[in-house]
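Values in this text are rule-based calculations from the coordinates and carry no lab data. Only a predicted model underlies this, so the values are computations on that prediction, with no experimental measurement involved. Here the Cβ is made from the backbone with ideal geometry for all residues, glycine too, and neighbour counts use every protein chain on show.
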Amino acid sequence: MMVKIAARLLAILLVVGVAACGRSAPPADSASGPELVVYSSRIEQLIKPIFDDFTEETGIRIRYVTDDAGPLLARLRAEGENSPADMLITVDAGNLWQAAEIGVLEPVQSAVLSANVPPALRDEQGRWFGVSIRARTIVYATDRVKPEELGGYEDLANPEWSGRLCLRTAKKVYNQSLVASLIVALGQAKAEQVVAGWVENLAVAPFASDNKVIEAIDAGQCDVGLVNTYYLARMLADNPKLPVGLFWANQQGDGPAGRGVHVNISGAGITKASKHKAEALKLLEWLSASAAQYDFASLNLEYPVNDATAPSALIQQWGSFRPDSMPMSEAGRLQSDAIKLMDRAGYR
């Protein structure tokens, strides 16, 4: 499987900006086994190669529907027990938590999943499991900022970053989960002070995407920002001389200061409506195994959840980091609190 990844990565880098919203794909004609239906908020280019491999190995066909997380959750809820979906794949623990809370995911027990997916990256009741990891950390202008000037997320609220910070909009679930992690680490009051400090230090209004944050740093509009690592990896793959570096946040010190980098997941769960639960579990376990882990993570330049799997060479250049140990379920549980906090702090 790994020999296929270079060609796939090239294809992804060429088309990654193209979403396949609301798109349904037929199963492979060559397979003759049972068919699974997967609802996915990951775009077609990031899942089709994986599903093709699974079908080739097992004979189980996969038909998938791609859309944003919100519409997919609404669709599952409206369809109820009549839903054709066997599995939901989506990004961010907040979305997975919501899917579990509205009752569309089936709890499962699996020794394979327990062994392959660390406890912090899966639901305590077995309703969803992480499949890849994305780290959200600090990026900076390498020609204007020295790494030793950087520290943790909360340090970006300090006066020395006044007029030098760029952020993505607070409407994005990635930032909502990050702020939820601040609430866990610092408490509501301190977390709100930090977010208010971020707003005070903004160089320009928040952007619609992480790519725009990186581009603004490159253009000199700001000196530091917060992004998911795979956005920077994609841009560096296209332009290795891009003068934007990555810094692992909160790696030093005792207590909250050294709690580690905020991580989030892409994850999956089996639907309660599934008519093929055994086959769906087989797919979920297969996704957690080392070979599939490498492909699933590398296609989007993310990190595997399975500790036995190394990340792609492109992101190994950043070295290892200590992640925040906050259970991913907390990102969902505190999502509403995070949104309210961001609104009070003026973070739009």
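Quick rundown of the values:
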| quantity | calculated |
| --- | --- |
| q = 0.21 Å⁻¹: log10 I(q)/I(0) that the Debye formula gives for region 252-348, counting C-alpha atoms only | -1.15 |
| Region 137-144 - phi-based ³J(HN,Hα) in whole Hz, Karplus 6.51/-1.76/1.60, Gly and Pro as x | 9, 8, 10, 8, 6, 5, 8, 10 |
| Cα gyration tensor, region 23-154 - rounded (a/c under 1.5), prolate or oblate | prolate |
| 3J(HN,Hα) from dihedral phi, region 218-231, Karplus parametrisation 6.51/-1.76/1.60, rounded to Hz, x for glycine, proline | 4, 7, x, 6, 8, 10, 9, x, 10, 8, 6, 4, 5, 5 |
| DSSP-defined antiparallel bridges as percent of all bridges, the chain, nearest 5 | 65 percent |
| Full-extension gain in nm, ASP218 to GLN317, via 0.36 nm per residue minus C-alpha separation | 33.6 nm |
| Average Cα contact separation per residue, the chain, under 8 Å, 6 or more apart, as relative contact order % | 27 percent |
| Cα centroid separation, region 263-283 to region 199-215 (Å) | 35 Å |
| Extension gain from GLU56 to GLU149, taking 0.36 nm per residue of separation minus the Cα-Cα distance | 28.4 nm |
| The chain: C-alpha gyration tensor shape, a/c 1.5 cut-off, then a/b vs b/c | prolate |
| Karplus 3J(HN,Hα) series, Hz, for region 301-313 with 6.51 cos²θ - 1.76 cosθ + 1.60 (x for Gly, Pro) | 6, 9, 10, x, 7, 7, 5, 7, 10, 7, x, 5, 4 |
| Inter-site label distance for LYS190 and ALA208 at 7 Å from Cα along Cβ, in nm | 3.7 nm |
| Region 140-270 shape via C-alpha gyration tensor axes, a/c threshold 1.5 | rounded |
| Distant-in-sequence amide H partners of LEU167 (H built 1.01 Å from N, under 5 Å) | PHE207 |
| Long pairs among LYS172/LYS340; LYS48/LYS241; LYS212/LYS241; LYS172/LYS275, criterion Cα-Cα beyond 23 Å | LYS48/LYS241; LYS172/LYS275 |
